1. Can you compute the charge dipole magnitude of the chain about its Cα centre, using +1 on each Lys and Arg Cβ and -1 on each Asp and Glu Cβ, nothing else charged? Give it in debye, rounded to the nearest 20.
2. May I ask you to order 156-166, 73-83 by the average number of other C-beta atoms within 10 Å around their residues, highest value first?
3. For the chain, what are the per-bin percents of Cα-Cα distances with bins 5 Å wide, up to the bin holding the maximum?
4. Evaluated at 25 °C with a viscosity of 0.890 mPa s, what Stokes-Einstein diffusion coefficient in µm²/s does region 95-194 have when Rh comes from the Kirkwood expression over alpha-carbon pairs?
5. State the extension gain, in nm to one decimal, for the chain segment bounded by K137 and R102, taking 0.36 nm per residue of separation less the distance between their alpha-carbons.
6. What FRET efficiency, computed as 1/(1 + (r/R0)^6) with R0 = 45 Å and r the Cβ-Cβ distance, is obtained for A172 and T33, rounded to the nearest 0.05?
7. So how compact is region 29-71: Cα radius of gyration and Dmax in angstrom?
8. Once fully extended, how much extra length lies between S80 and E126, figured as 0.36 nm per residue of separation less the alpha-carbon to alpha-carbon distance?
Amino acid sequence: MSPTEHAENKRELIIKEASRMMYERGTGLGVDTLVSEIGVAKMTLYKHFPTKTDLIVACLHHLDDCHRARLSGDVDWSSSPKERLLSVFDSLREWFASPSFRGCAFVNATVELADTSPQVRNAVREHKNAMRAWVVKLVEECELPNAHFVAGQIAQLMEGATTTALLERDPAVADIAQATALQVLEKAKEATTR
């Protein structure tokens, strides 16, 4: 392995493990805890991430990639556009039921840091905008009018379900959100037939 590959592997290890730890315990984890539990030297951490904010932003980008890959990977792309869109809530239900579920990492980071860190706020905004854009594409495939408005409704159902699942510790909130999303889609479809 070349020195560059080794350095990239260390960087990826730090991001992966720090993402997991911060998701589980919050962004307030100390650098000493991070390096101890990840098993890297402080100098190595700071070589890749000059500030803790740099590390948090890299973790948020990693979590964004993981979250969108999970949702997209759970979609049955051979099903109808409506079924594809509704299957997002099946994916959310599975996530809500996992023992590691701690709510939305991006909302958590916003609560913890957004007022003091514009970089974190921007990373969160990028994630939320990318998620909305993905939902817009799924809604557009349903050939519904006012796709952006309908996608906004669906995205808010996803957000609300995530928060409620965290508070109530009940993955079935995804089923309620899915049923509501179906009503939103049917109402939007009715508007096209008038």
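The values are calculated or read from the model by the stated rules, or taken from the named source; none is laboratory data. What you are looking at is a predicted structure, and each value in this text was computed from that prediction instead of being measured. Cβ placement follows ideal geometry from the backbone for every residue including glycine, while neighbour counts extend to all protein chains displayed. Note: accessible area is taken over every heavy atom of the protein model, side chains too, but ligands, DNA and RNA are not part of it. Shrake-Rupley method; radii C 1.70, N 1.55, O 1.52, S 1.80 Å.
1. In total the dipole reaches around 360 debye.
2. Going from most to least packed, we get 156-166, 73-83.
3. Computed distribution, short to long bins: 1, 7, 15, 17, 17, 14, 11, 8, 5, 3, 1, 1, 0, 0.
4. 165
5. Difference between extended and current length: 9.9 nm.
6. Here the calculated transfer efficiency is 0.80.
7. Expressed in Å, the Cα Rg and Dmax of region 29-71 come to 11.9, 36.
8. The S80-E126 span can extend by a further 13.7 nm.
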